[in-house]
Amino acid sequence: MMKNKNFTFSSTILAFLVAVIYFRCSQEVTYIPSSFMSCRLEKKLTGIEARQWVDKIHGKVVTPPESEIGFYLGENGPITVYVSGYQTEELARKELLRMTEKISSQNSIFIGGEFVELDGKNIYRCFGMGQTHFVFTHHNKLIWLSVNTIQGKEMLRAYLDLIN
């Protein structure tokens, strides 16, 4: 009888642990939340609409099909989050390097571009158009976060906490 109770107890614990692991692994990351840093999501573009918007400001096709953009307004805004999805993490990292080379050039509207480390994450930071821009990868996503310069680091850290 004692072996049966131990087996039942062990089985219950194992089932609970499997359920917890499954639940944690199956949670999708929300890259464009409904609010962020006291700002509310004003507009969200996804798929073809997001791709066309980004391609239009570049004057050519630069965005992969899996894209989304969030435009936020509020006391800490405006904030814009651009997310592009690639087939692999490696492709996202390669695109990050390609992109940062292009925006680092002398004829770019962005200045002061450099890679910085925050909480062990390598992030490209530059300035332009009255904002601070952070570009980095998360899994197979390439993320461009444009925020208020005064609170830039705080906003970046809050966004990283949100997606991690």
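The values are calculated or read from the model by the stated rules, or taken from the named source; none is laboratory data. Keep in mind that this is a model prediction, so the values were computed, not measured. Note that we place each Cβ from the backbone using ideal geometry, even for glycine, and neighbour counts take in every protein chain shown.
A few points about this structure:
- Checklist (1) over 27 Å from Leu73 (Cβ atoms); (2) at pLDDT 95 or above applied to Gln131, failing item: (1)
- Complete set of residues in the stretch 65-76 that are without any contact (Cβ under 8 Å) to a residue 24 or more places away in the chain, touching a Phe, Trp or Tyr at 6+ places or on another chain (Cβ under 9 Å) and not acidic (Asp, Glu): Ser67
Conditions (1) touching a Lys or Arg at 6+ places or on another chain (Cβ under 7 Å); (2) closer than 22 Å to Phe127 by Cβ; (3) modelled with pLDDT of 95 or more, marked per residue:
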site	(1), (2), (3)
Arg24	no, no, no
Lys44	no, no, yes
Thr63	yes, no, no
Gly70	yes, yes, yes
Val81	no, yes, yes
Gly85	yes, no, yes
Thr88	no, no, yes
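- Condition check for Leu118: of a type in the set (A, V, I, L, M), surrounded by fewer than 20 Cβ atoms within 10 Å (Cβ to Cβ), touching a helix residue (DSSP H, G or I) at 6+ places or on another chain (Cβ under 8 Å) and under 21 Å from Met37 (Cα atoms): yes
- Each residue in the stretch 105-122 was checked for being under 19 Å from Tyr31 (Cα atoms) and part of a loop (DSSP other than H, G, I, E, B), and 1 pass.
- Test for Glu154: is it farther than 20 Å from Phe36 by Cβ and of a type in the set (Asp, Glu): no
- Subset of the stretch 123-156 that is of a type in the set (A, V, I, L, M) and outside any strand (DSSP E or B) - its residue that is surrounded by the most Cβ atoms within 10 Å (Cβ to Cβ): Met155
- Per-region count, the stretch 33-77, residues part of a helix (DSSP H, G or I) and not aliphatic (A, V, I, L, M): 8
- Selection over the stretch 78-104 of residues that are aromatic (Phe, Trp, Tyr) and assigned to a helix (DSSP H, G or I) gives a count of 0.
- Of note, Glu66 satisfies the criterion of being surrounded by fewer than 19 Cβ atoms within 10 Å (Cβ to Cβ) and under 17 Å from Ile32 (Cα atoms).
- The set of residues in the stretch 43-63 being more than 16 Å from the chain's Cα centre (by Cα) and polar (S, T, N, Q) consists of Gln52 alone.
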